[in-house]
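Some notes on the structure that comes next.
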Amino acid sequence: MKAARREKASDPHRPIYHYVNPENTLNDPNGLCYWEGRWHLFYQACPPEDVRQHWGHAVSDDLIHWRDLPYALHPGPEERCYSGAALVEGDRVVAMYHGVGVGNMVAVSRDPLLLNWEKLAANPVIPFGTRGEAPLPHGVFDPCIWSKDGAYYALSAGILPYRPGGKHVATEYLFRSQDLEDWEYLHPFIEGDRFTVLGDDGACPYFWPIGDRHILVFFSHLSGGQYLLGDYDRKRDKLVVDAHGRFNFGAAFPGGVHAPTAAPDGNGVVVLFNMNPGKPTYKMNDYLGGFFGNPPDGGARDDDPSRFARDWDQILTLPRRLTLRNKYDLNVEPAGDVESLRYDHRHIGRTVLPANREIVLDEIKGSAIELQIDVDPKLASMFEVDVLRSPGKEEFTRICFFDRRGHKYREPFANDDRSNLVMSTILSNPTRYEGVISIDNSRASTLPDALSRPPESAPVHIEPDEPIRLRIFVDRSVVEVFVNEKQCVAVRVYPGREDSTGVSVLSQG
């Protein structure tokens, strides 16, 4: 693996401080957990000699510097090892994951480095139904696992059969076991979900306490990474939902945030995502066919080894820590020791920018940098930062913050018979204004095979006169932006010029 990393290090688009599989592509991250003083990260990956998904494995002391370990889980009897979660209990770690072709599996490790795993003889512990028999009342797919009152509980990602307009709705199916081997199906787990949309599903679920509430982080193949926030009714074993948020604000492909893995760290919940590629590494028709439909005749299909010969293309985001800001909103900030990556510090003091004139920061350049920019929103309704900018601006990635240009929330006047059941601008008060953070990669590359996407734009609630702090992480082919520890957006970018390393700023009054 060290040799593979050295061989690929010269690729100008291969990130330096975001995790990348050393040997091949990766898919969903899985089973993040803290065990014996170290963070363990697992992820779907194919060894060079095998096109079937295994669980790749890396370990870290600080969530930033990762050491590659041998593959942790190998397929058999399942066809492939798909997504799942890990439960740390006592002297062991329990992994529960989806085994393609058979059902949901359990493996246990007591190894200090989680190098050796033993699969239960009863696997699959939650099997698929038998063809020709009555259909199961639940789905069998990506699981997560926790314990409560001496019993184990597991979710299985799925959809509800209710299909308004021919579309399904997302759900998670709940199971219970006393011994990890015999599982009893209980019921759909989520109650009160008014937030997900028709066509969503509940893949890659992670259910954890957060503050005095509970969070369900998951991925929809329609609309990307999301979370549901609510209260865990421990008597009825239901998550009663009253808030929701997104990690994707456009499509997951091309070049967007994809599936999560999540685990508590004592201060909140740490979550990482894989990010889809935005530049194919094999024939374009095959590449697009794999995401948007069946490949053309002669194209690479799921069981074709050439489909997995993509060297590397997916990466992981920086780890993010989620914490409760209030009952209904989360904070999000970089997790782990990102400060240890810093060197060659440059500082520009307080500067008043002329309106509508781009200023190039000649002293700041790089394709792997962190920028921290503080803005007084009273002086600029829109603030733009361009990164990975070529001198002639043939290539650049545009980051914009728009103050109070998002949704405006209103509430009816109190104790007014005319307005208590209707909404009108003259019979209501504005209660919340949202700003918008946006990354636009449509001019990021002059390469003919780089795939642009609509701007990734997300709402962010800013209090009146609250200063704006942007933390921008650029790492060759990925840009991540955190705003006031309240929002984060990320996209993949593929500059084609060696001199696309500049930074500029612009404001509109």
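The values are calculated or read from the model by the stated rules, or taken from the named source; none is laboratory data. Worth saying up front: this structure is predicted, and the values here are computed from it rather than measured. Cβ coordinates were reconstructed from backbone atoms using ideal geometry, including for glycine residues, and neighbour counts include every protein chain displayed.
Considering only residues that are polar (S, T, N, Q) and exposed (fewer than 13 other Cβ atoms within 10 Å of the Cβ), look in the range 322-378 and name the one that is modelled with the lowest pLDDT. If you could, list the steps in order and put the result at the bottom.
Going residue by residue through the range 322-378, those that are polar (S, T, N, Q) are 323, 326, 331, 340, 351, 356, 367, 372.
Going one step further and asking which of them are exposed (fewer than 13 other Cβ atoms within 10 Å of the Cβ), we end up with 326, 340, 351, 356, 372.
Working: Asn326: 97, Ser340: 97, Thr351: 90, Asn356: 93, Gln372: 98.
By that ranking, first place goes to Thr351.
Which of the residues spanning the range 256-293 are modelled with pLDDT of 90 or more, small (Gly, Ala, Ser) and either in contact with a helix residue (DSSP H, G or I) (Cβ under 8 Å, 6 or more places away or on another chain) or assigned to a strand (DSSP E or B) (or both)?
Scanning the range 256-293 gives Ala259, Ala262, Ala263.
Among Ser504, Ser500, Ser457, which is the only one that is of a type in the set (S, T, N, Q) and within 15 Å of Gly255 (Cα to Cα)? Lay out the reasoning, then the answer.
On the way: Ser504 fails: within 15 Å of Gly255 (Cα to Cα); Ser500 fails: within 15 Å of Gly255 (Cα to Cα).
Every option except Ser457 fails the conditions.
Tell me which residues, restricted to the range 309-350, are acidic (Asp, Glu) and without any contact (Cβ under 8 Å) to a residue 40 or more places away in the chain.
Filtering the range 309-350 down to residues acidic (Asp, Glu) leaves 311, 313, 329, 333, 337, 339, 344.
Selection gives Glu339, Asp344.
Answer with yes or no whether Asp403 is touching a helix residue (DSSP H, G or I) at 6+ places or on another chain (Cβ under 6 Å) and touching a residue at least 24 places away in the same chain (Cβ under 8 Å).
Numbers: touching a helix residue (DSSP H, G or I) at 6+ places or on another chain (Cβ under 6 Å): yes; touching a residue at least 24 places away in the same chain (Cβ under 8 Å): yes.
Here the answer is yes, as Asp403 does meet what is asked.
Tell me which residues, restricted to the range 366-385, are farther than 19 Å from Ile439 by Cα and among the charged types (D, E, K, R). Lay out the reasoning, then the answer.
Step one: list which residues in the range 366-385 are farther than 19 Å from Ile439 by Cα, which gives 376, 378-379.
Residues satisfying the conditions are Asp376, Lys378.
If Val385 passes every condition in (1) in contact with a Gly (Cβ under 7 Å, 6 or more places away or on another chain); (2) within 16 Å of Gly502 (Cα to Cα); (3) hydrophobic (A, V, I, L, M, F, W, C) but one, which one does it miss?
The number of the failed condition is (1).
Quick one: is Gly150 surrounded by fewer than 21 Cβ atoms within 10 Å (Cβ to Cβ), assigned by TED's automatic domain parsing to the domain that holds Ala263, at positive phi and without any contact (Cβ under 8 Å) to a residue 40 or more places away in the chain? Give the derivation first.
Working: surrounded by fewer than 21 Cβ atoms within 10 Å (Cβ to Cβ): yes; assigned by TED's automatic domain parsing to the domain that holds Ala263: yes; at positive phi: yes; without any contact (Cβ under 8 Å) to a residue 40 or more places away in the chain: yes.
So Gly150 fits the description; yes.
Being assigned by TED's automatic domain parsing to the domain that holds His214 and in contact (Cβ under 8 Å) with a residue 12 or more places away in the chain: is that true of Leu379 here? Outline the logic, then answer.
Values: assigned by TED's automatic domain parsing to the domain that holds His214: no; in contact (Cβ under 8 Å) with a residue 12 or more places away in the chain: yes.
No; evaluated as a whole, the condition is false for this residue.
If you go through the range 434-474, how many residues are more than 26 Å from the chain's Cα centre (by Cα) and either hydroxyl-bearing (Ser, Thr, Tyr) or under 24 Å from Gly496 (Cα atoms) (or both)?
Initially, the range 434-474 is screened for residues more than 26 Å from the chain's Cα centre (by Cα), giving 446-448, 463-467.
Subset that is either hydroxyl-bearing (Ser, Thr, Tyr) or under 24 Å from Gly496 (Cα atoms) (or both): 446-448.
Adding up the residues that qualify gives 3.
Looking only at the range 463-473, decide whether some residue is farther than 16 Å from Cys400 by Cα and either outside any loop (DSSP other than H, G, I, E, B) or touching a residue at least 40 places away in the same chain (Cβ under 8 Å) (or both).
First, the residues of the range 463-473 that are farther than 16 Å from Cys400 by Cα: 463-466.
Filter once more, so that each one left must be either outside any loop (DSSP other than H, G, I, E, B) or touching a residue at least 40 places away in the same chain (Cβ under 8 Å) (or both): 465-466.
Within the range 463-473, one or more residues are farther than 16 Å from Cys400 by Cα and either outside any loop (DSSP other than H, G, I, E, B) or touching a residue at least 40 places away in the same chain (Cβ under 8 Å) (or both).
Quick one: how many residues across the range 437-461 are among the hydrophobic types (A, V, I, L, M, F, W, C) and part of a loop (DSSP other than H, G, I, E, B)?
Qualifying residue count for the region: 4.
Considering only strands (runs of 3 or more DSSP E) fully contained in the range 1-68, which possess at least 2 residues that are surrounded by fewer than 21 Cβ atoms within 10 Å (Cβ to Cβ)?
Fully inside the range 1-68 and qualifying: 26-35, 54-60.
Restricting attention to the range 165-208, and to residues there that are under 20 Å from Pro137 (Cα atoms) and among the basic types (Lys, Arg), which single residue is surrounded by the fewest Cβ atoms within 10 Å (Cβ to Cβ)?
Lys167
Condition test on Val88, is it outside the structural domain of Ala368 (by TED's automatic domain parsing), part of a strand (DSSP E or B), at pLDDT 95 or above and surrounded by fewer than 19 Cβ atoms within 10 Å (Cβ to Cβ)?
Details: outside the structural domain of Ala368 (by TED's automatic domain parsing): yes; part of a strand (DSSP E or B): yes; at pLDDT 95 or above: yes; surrounded by fewer than 19 Cβ atoms within 10 Å (Cβ to Cβ): yes.
Criteria met by Val88.
Kindly evaluate Asp28 against the criterion of being touching a Cys at 6+ places or on another chain (Cβ under 7 Å), in the same structural domain as Ala262 (by TED's automatic domain parsing) and within 24 Å of Phe253 (Cβ to Cβ). Reasoning before the result, please.
On the way: touching a Cys at 6+ places or on another chain (Cβ under 7 Å): yes; in the same structural domain as Ala262 (by TED's automatic domain parsing): yes; within 24 Å of Phe253 (Cβ to Cβ): yes.
Yes: the conditions hold for Asp28.
Given Ser390, Ser367, Ser381, which one is small (Gly, Ala, Ser) and under 19 Å from Val460 (Cβ atoms)? Steps first, please.
Values: Ser390 fails: under 19 Å from Val460 (Cβ atoms); Ser367 fails: under 19 Å from Val460 (Cβ atoms).
Only one candidate passes the filter, namely Ser381.
Do we find that Val436 is among the aliphatic types (A, V, I, L, M) and at pLDDT 80 or above in this structure?
Details: among the aliphatic types (A, V, I, L, M): yes; at pLDDT 80 or above: yes.
When the stated conditions are applied, Val436 passes them.
Select, from Gly31, Gly90, the only residue that is among the small types (Gly, Ala, Ser), free of Cβ contacts under 8 Å to residues at least 24 places away in the same chain and within 26 Å of Lys148 (Cβ to Cβ). Even if it seems obvious, please write down each step before you answer.
Values: Gly31 fails: free of Cβ contacts under 8 Å to residues at least 24 places away in the same chain.
Unique residue meeting the criteria: Gly90.
Pull up the range 226-252, narrow it to residues that are in contact (Cβ under 8 Å) with a residue 12 or more places away in the chain and outside any strand (DSSP E or B), then point me to the one that is farthest from Tyr43 (Cα to Cα).
Step by step, filter the range 226-252, then rank; the result is Arg234.
For the subset of the range 391-416 comprising residues that are basic (Lys, Arg) and part of a loop (DSSP other than H, G, I, E, B), which member is nearest to Ser500 (Cα to Cα)?
Going through the range 391-416, the residues basic (Lys, Arg) turn out to be 393, 398, 404-405, 408, 410.
This time we only want the ones that are part of a loop (DSSP other than H, G, I, E, B), so: 393, 404-405.
Numbers: Lys393: 8, Arg404: 31, Arg405: 30 Å.
By that ranking, first place goes to Lys393.
Regarding Arg38, is this residue at pLDDT below 95 and farther than 22 Å from Arg6 by Cβ?
Details: at pLDDT below 95: no; farther than 22 Å from Arg6 by Cβ: yes.
Against the criterion (at pLDDT below 95 and farther than 22 Å from Arg6 by Cβ), Arg38 does not qualify.
Listed residues Leu353, Leu371, Leu388, Leu361; which is in contact (Cβ under 8 Å) with a residue 60 or more places away in the chain, not in a strand (DSSP E or B) and not assigned by TED's automatic domain parsing to the domain that holds Pro12? Spell out the reasoning first.
Values: Leu371 fails: not in a strand (DSSP E or B); Leu388 fails: not in a strand (DSSP E or B); Leu361 fails: not in a strand (DSSP E or B).
Every option except Leu353 fails the conditions.
For the range 117-130, what are the residues that are more than 24 Å from Ala157 (Cβ to Cβ), assigned to a loop (DSSP other than H, G, I, E, B) and either of a type in the set (Phe, Trp, Tyr) or touching a strand residue (DSSP E or B) at 6+ places or on another chain (Cβ under 6 Å) (or both)? Show your work before the answer.
Going residue by residue through the range 117-130, those that are more than 24 Å from Ala157 (Cβ to Cβ) are 118, 121.
After this cut, where a residue has to be assigned to a loop (DSSP other than H, G, I, E, B) as well, the list is 121.
Selection gives nothing.
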